[in-house]
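Single-structure report; data block below.
The values are calculated or read from the model by the stated rules, or taken from the named source; none is laboratory data. On a predicted model such as this, the values are computed, not experimentally measured, just so you know. Quick reminder, even Gly has a Cβ in these numbers, built from the backbone with ideal geometry, and neighbours come from all protein chains shown. Side chains are part of the model used for accessible areas, which takes the heavy atoms of the whole protein and leaves out ligands, DNA and RNA. Shrake-Rupley method; radii C 1.70, N 1.55, O 1.52, S 1.80 Å.
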Amino acid sequence: MTSFSKNPLVVLVLGVLLGGGITQTAWLIKSGKSAATADATAAETAPPGKSRARRTPATSFSGSRSGGGGRLEEKSRQLVGGDPQAAWKTALSMTNYAERKALTVALMEEWGKSDPLTALEMAGTLPAGDLKREAFDACFSGWAGRDPVAAAKWAGDHLKGPVAGECYGVIAGQWAANDPAAAAQWVANLPNGVLSEGATSAVIDAWADRDPLAAAAWIDSLPDEDRRTNALSSLVTEWCVQSPTEAAAWVNARLTGPAAAGLAEALIGSWGSQDPQAAAEWVMTLPEGLQGQSAATLLSLWSDSDPKVAAAWAERFPEGEIRSEAIPEIASTWAGTEPESALAWTMGLADSPAKDEALDEVVRSWTLVSPTDLSAWVEQQAQGPAGDHLRTVAAESLLESQPQNAMAMAAKISDPAERQTSTNRLLRMWARQDPTAARTWADQAGIAMPAAGAYPRRQSP
């Protein structure tokens, strides 16, 4: 975009829009400069457009803006109070999509407060796509903030499909912020499935902050089991953000129920991100049947933030499924940032299938971090079955980024049969990536290209 300091017209227009009011704005609309005016205004006043994937239906459009966005809201109120149709045309004339969406959404929310039916009619004229959905959402946000009952009735009578589900979520979010019990009663009567997901989540989010026990009682009253189970897991996740110990105590009382596994995993998913040490202590108190999946969930989170501590915790588990699955996963994640530390930990483990798998994972992750250091380490490994296996794994991991080095590594496998098998497997894989380069290498090495087909299964040592 042209710099403001180098465009006197933009500077003038920007000053008028931010300080002038309706008369000046109307004059600008009538002039031939509306598109430039709108672009400059939005660039100065609107924050970057918030992604739909990250805005939940319960999020208030007004509450999501700050700073320059506050000035955009004020200007939107002035425009809607003066001539909303002209303001609408101004917004749509913007050439920059992010700026056009920012002003359109702000206008629609204000218009939804004063004349929602006209605003919705105008939103319906937009072509299908993100801007149209955002316009509907913004209008319902403004309308539901003033009269959620009327907004809910109109949406139920006129909307269908995914757009209905999203608008229901917006309405429920605004309604629940002021009267969660009334919003919950409306949401409970919505059909199960996509139409109710956003609205149910909005009510839970609002109620979890105020009275999670009341929210739980409402969820328990829902007739559909799947909807009830999903809603309880959402509640636990939100509740844990507020008070993990209270949420854990409530989950403990339900550990014998049919939804116990889902509740435990939801709690760990939230608690493990906040305080993995406290979450780990709670996992150790769970019944054996629930401990495995909860531990796996926690270890997955923990290994991302502190793999050394996660590794020490995993070693506390006796031989079994939890330990066997956790050790390779921790090794893989750890090696993605500190391959040598991960290698040292893995090599110090007692011999077991989990250790063998973890070592393979270290090699694969190390390839992505520093293939040169990995190659140097593999070169130092003794000849024999264990060393041959490491060379095989490393060669396959290197093939995509360094095919020549991968083939050279495979050539150093000591067992002739395994060397040939590995070389043929690598050539087939290479031929899928770059058939010309693979065939050229094979010709220079005096090796016949293997026939296409399934690779022989590689066995661990």
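Peptides 325-335, 296-306, ordered by how many other C-beta atoms sit within 10 Å of their residues on average, highest first, read 325-335, 296-306.
How about the range 231-338: which trypsin sites (Lys or Arg not before Pro) there lie in a loop by DSSP and see at most 13 other Cβ atoms within 10 Å? The qualifying sites are Arg316.
Think of a 1.4 Å ball rolled over the protein heavy atoms: the range 223-295 then has 47 Å² of accessible area per residue. Across the protein chains, with a 1.4 Å probe defining accessible surface, the residues Met429, Met284 rank Met284, Met429 from largest area downward. Select from the range 149-249 those GluC sites (Glu not before Pro) which occupy a DSSP coil region and have at most 15 other Cβ atoms within 10 Å, ordered by residue number. Filter output for the range 149-249: empty list.
The range 275-328 and the range 386-419 have Cα centres separated by 34 Å.
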